[in-house]
1. Express in nm, to one decimal, how much length is gained between A:Lys116 and A:Glu326 on full extension, taking 0.36 nm for each residue of separation and deducting their alpha carbon distance.
2. Post the alpha-carbon centroid distance, segment A:61-91 to segment B:508-554, in whole angstrom.
3. Return the long-range amide H neighbours of A:Thr101 (sequence gap of 5 or more, or a different chain), with a cut-off of under 5 Å between placed amide H atoms.
4. Does a label point 7 Å from the Cα of B:Ala72, set along Cα-to-beta-carbon, have any residues of segment B:116-135 with amide nitrogen under 17 Å, and which are they?
5. Evaluate the relative contact order of chain A (contact order divided by residue number), counting alpha-carbon pairs under 8 angstrom at least 6 apart; express in whole percent.
6. Rounded to whole Hz and in sequence order, give me ³J(HN,Hα) for segment B:472-489 from the Karplus expression 6.51 cos²θ - 1.76 cosθ + 1.60, θ = phi - 60°, writing x for Gly and Pro.
7. With the cut-off at 1.5 for a/c, could you classify segment B:160-239 from its C-alpha gyration tensor as rounded, prolate or oblate?
8. Take A:Ala349, project a point 7 Å from its Cα along the Cβ direction, then tell me which residues of segment A:413-451 have their backbone nitrogen under 17 Å from it.
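The values are calculated or read from the model by the stated rules, or taken from the named source; none is laboratory data. From a predicted model like this one, the values you see are computed outputs, not experimental measurements. Glycine gets a Cβ as well: all are built from the backbone with ideal geometry, and neighbour counts include every protein chain shown. Protein only, heavy atoms only, side chains kept; ligands, DNA and RNA dropped before computing areas. Shrake-Rupley method; radii C 1.70, N 1.55, O 1.52, S 1.80 Å.
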Amino acid sequence: MIDRLLIANRGEIAVRIARACRELGIEVVAVHSTSDRNSAVVAMADEAVHIGPPAPRRSYLHVPNIVEAALRAGADAVHPGYGFLSEDPDFAEICAAEGLTFVGPPPAVMQQMGNKATARRLMAEAGLPLLPGVVEPVRTAEEGRAIADEIGYPVIVKAAAGGGGRGMTVVRAPEDFDEAFVTTRAVARAVFRDPTVYVERFLSGARHVEVQILCDAHGNGVSLGERDCSLQRRHQKLLEEGPAGHLTPEQRTELGRLAVHGALSVGYTGAGTMEFLVDGSGAAFFMEMNARIQVEHPVTELLTGIDLVREQILVAAGRRLAFRQEDVVPRGAAIECRINAEDPTRGFAPAPGRLEVLQVPDGPWTRFDTGYRQGDTVSPDYDSLLGKLVVWAPDRDQAIRRMDRALAEMRVEGPGVHTTIALHRALLRDPDVVADRHDVQFLDRCLPAVLARAASLDDAAPGLPAARGGLQLVPTPAADPRPDRSTEGEIPCPPRPSLSTT
Amino acid sequence: MTRSATPVPPVPAPQPPGGWVSCPACGWLLYRKRLDRDLHVCPECDHHLRLSARARIDLLADPGSWTEAYFAPSTPDPLAFTDLRDYPDRLAEAERRSGESEAVVVGTARIGGAEVVLAVMDFGFLGGSMGVEVGRRVSGAAELALERGLPLVTVCASGGARMQEGVFSLLQMARVSCAFGRLREAGLLSVCVLTDPTYGGVSASFATLASVLVGERGAHVGFAGPRVVQETIRAELPRDFQTAEFLMSHGLVDRVESRAELRPLLVRLLALHGAGPATPADRAEDTDTDADEDVDTDVDTDDADADPWDVVQRARVTERPTTLDYLHTAFDDFVELHGDRVFADDPAVVGGVASIGGRRVVVLGHEKGHTVRERVARNFGMPHPEGYRKALRLLDHAESFGLPVVTLVDTPGAHPGPEAEERGQSHAIAEAILRSSRLRVPVVSVVTGEGGSGGALALCTSDRLLVMENAFLSVISPEGCAAILWRTAVAAPTAARAMRLGAAHLRSAGIATAVVPEPPGGAHTDPLAAAGLLRRALVRELDDVCRLDAATLLDTRARRLARISGDDGRPLQTVGS
């Protein structure tokens, strides 16, 4: 059993893991860089170890310091969170060699899943459907045409170095292939100085659907339902929701079954996510597997009532899963908005700074996971995730309204600080998003329109509606004879009657 | 809550146990397994740790393709040498520690499918020093390459000649140099990878005699070691003294590559020199470019009356594609080769080996850059003598490997300045013109922008001279001409018209053999389309001119140059009247 666990991470996920540990009665060792020395998790932990300067590669990515911290602090387990070292098989291996329980899959499995080509091959062997295409670069138009004929049109010619819609061409018929290939390669060479291109089947109207799975070390695995993360900008997820309402219950069950089967076939243990691309007809294609807890895990937690981090730790400690597939019953709808300290109007440039005001929304089925408190400073050294606002409601429409309400309640202010709050409110008002018919390219395509809507929202309602002054049924506080603390400085105190008897 | 002390950051500490290595350069702790995967390059400071010969072979050769050459064992100890220990004793220990029988390993292998002879030195064996056996094996490798007609790839790591074999070691320099000379005469490609460290008798012989020299990033390469230099002349040495980067900036190596880039580079270099399996790319491109080629024949400039001053201005637009732009868009592959191998690498001239439509060529051109920073770095495309000397040695390279030459001309002129004069600007230009006029391989030149005077002519003495629609060749810049003859540079437009600058006149005067059309408004309006048009023209001209044998080529080139006399157009001298 695990008695003392070191959290090799920072920010909201470190706090999240510390909470799970507290509830399990596990002592917490936090590690922190110089700039995080006063962070929330440091205050919560039983022991905190300073592991290096702000630059991640000298602190949160620096394995020797973290392992040394674990050994000196007497930890018997390490939770890597997400990002940083969470998918580093070497780290998992080193932890094992030092006698530390690593909360995650075995290093060999992690290695396999971390390599896109290997993961694809293994999942294909396990019978999962793959998106037709090649992982290898295509060198000539002739070669590309042969591949396109094999996988079927429409195909997409993609620059390896491209991204965000640049350097890709959709080809709908064989006669257009050569030109598209030559142009894309020329653009890739001119713009990215790298002419490498790939050819893949093009899915129009595709959705990003991922299945949360949990496997123990005894060969048991369950799926905990799926999340739809189609609202992403250049592969950065912004808003996640569950369940994927565009799939039929049968399709969802089948997807869950495939995901668990795939994970168990490679000996996966712990929490993980299988990512699929789902086309308009509901056909799903395996993309990749994330061998860690994910940012958007609370969506699943709200839908299923299962504490994923807790289960993850228990599984790592060698426990059997306490529930079976039929015990997992997702209910209602959940949405998560990533509140990032970024300025969407300036190309999502990081906009960190001191959080002079941080007012967190509250209310029924409203959860805000963050590692920051009012007065903390968002450091430019790390990712810009300020927190995750997650709501649950019995259905999607109510969840959207609840999320909008919660977003409107939220206040983040500070010099230079910008957030994605307004952008989320604008997104949740978009007819395509409301009708759940957006696809993975939606944001790359419609961002200007969404930003314009966000700007108009900002102008109209900076906070909560206050068009008229409040209705007063009692005398205004100014007339109050008792000075309250906030006005004490301005209004001269009436001379107090002397209470002394002498 | 308690706080415990920071684990001490890794300062150069005693070698930690087990799976960890401390970087010799920065002291960072490296997990050995990852270091192996990272090719023994420190992720923290990019220091390239030394590699054994076997690790090098694994790094460079196609898996399973290595066949080691057998050399009859010999234990030379010609001097019966003894220092603190007997020499045979030291040899035995070196063998035990490195697992090699000598400081160099020779064999054949495939690199990207191309069969090569590979000779790799091992610094772990007596510091990679060259004695009789190393000399025998390295010259043996060159002979093997000669015998089989294969390229030779050597990887050097050596402290120099082996002291224990005295003067016999010294003479190995002559032995291996001779072998490399024969390789050169036979027109066989040799590539030398200079790794840390390469010094003395090795760097002053075969290590720097290969056709292409590639320095591994950070490698120290030189003749006398820095300590010797410092002790002898008591001078403060620059920080990067004798590094591969230092060598490149002094024009002494063709390229500097990180370890991970070495193999991909070798694969491309070998392919661009015709080694290895003909790639399907070559043939495919060849046919599909030819297909639409013939539809679009050379447009004889319809608007022969383009205003010369407009032409001059368009040729100078900063967004106009430069030589490097064309190399990345109109050509299929390009490996730049830097330096004049003597003094410096002139950034105003770029050159290297390239492929276009299935044909392998040597490309040379002026490079201006686009932004202010680039333009300053490239000296506005005005070459120094070392630029022309780079061109010269690349012309030699083309001739030795039978590769046609393509030149792209775009310069305001050769750099006017005292340093250029000191280093012999006239000599360099003259030699470049002479060399290209007598080169035994075809030369196709394209004036892509400004063709300023002798500085341009050095790169456009050719069998075919193409001019882009908005390019010109002139004896002097219009401003210069105006300043001299009109006594004011303001008269430049008038001067441009008087000199009849532009493609049309060059074509009608028989100086240019064809005009390459540009997108409407000039090449800068649609660089990709301009590149496409240039590519078609080049492929067509190369196909045509490559049919000729060397003798015919030289003969027609000489006659072509003799014919250009201006008698079918007005002579330039009358411009001022």
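1. Gain in length upon complete extension: 72.4 nm.
2. The distance from the Cα centre of segment A:61-91 to that of segment B:508-554 comes to 61 Å.
3. A:Ala77, A:Val78
4. B:132-135
5. 13
6. With the stated coefficients, segment B:472-489 comes to 8, 10, 9, 7, 7, 5, x, 5, x, 4, 4, 5, 7, 8, 9, 6, 7, 5 Hz.
7. Cα axes put segment B:160-239 in the oblate bin.
8. A:415-420
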